[in-house]
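Structure record follows, encoded as structure tokens.
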């Protein structure tokens, strides 16, 4: 049982810790240290893609471990427990970002070149900026939901 709890906590620590590091350290540092916003955007975009894959694996590990833990300790998996539902929502948002929002931003970035030098009123720039806002909102929602899942998981133990 303690190994399943370890896997649950490790997966949450990796996912939520990665989000916090990305949002408060990596992205701001890249945009303040690298010589162009285009280069910083490329670094941040690649890092976000890797973070999403870490999140997907972490979410699967958490769900599997948590369902097994519930099954072994309570006799039922509690599939619709709040922590499981919220984690599935986190996974869904991460998948939407990884396979919906980010690829569209990449196409626009490729057509625009340096996004910062594109005219603010160009349709591609407007669309890119809107997608960026949605990307930020999605990542923020995942972080907030993740903090709730951490609380619910801690309360479970």
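Since every read-out is calculated from the coordinates, none of them should be taken as a lab result. These numbers come from a predicted model, not from an experiment. Positions of Cβ are backbone-derived with ideal geometry, glycine not excepted, and every protein chain shown enters the neighbour counts.
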Review point. Taking the stated definitions as given, is residue 131 within 23 Å of the chain's Cα centre (by Cα), closer than 16 Å to residue 50 by Cα and assigned to a helix (DSSP H, G or I)?
Key: no
Exercise for review: Please work out if residue 77 is part of a loop (DSSP other than H, G, I, E, B), surrounded by fewer than 17 Cβ atoms within 10 Å (Cβ to Cβ) and either within 18 Å of the chain's Cα centre (by Cα) or free of Cβ contacts under 8 Å to residues at least 60 places away in the same chain (or both).
Suggested key: yes
Check your understanding: Checking residue 85 against (1) touching a residue at least 24 places away in the same chain (Cβ under 8 Å); (2) surrounded by fewer than 17 Cβ atoms within 10 Å (Cβ to Cβ), which test does it fail?
Key -> (1)
Point to revise | Residue, nearest to residue 45 (Cα to Cα), within region 116-126, restricted to residues that are in contact with a helix residue (DSSP H, G or I) (Cβ under 6 Å, 6 or more places away or on another chain) and in contact (Cβ under 8 Å) with a residue 12 or more places away in the chain | key: 116
Point to revise | Search result, residues across region 12-45 that are under 13 Å from the mean Cα position of the chain (by Cα) and touching a residue at least 24 places away in the same chain (Cβ under 8 Å) | key: 12, 14, 15, 16, 18, 19, 20, 22, 23, 45
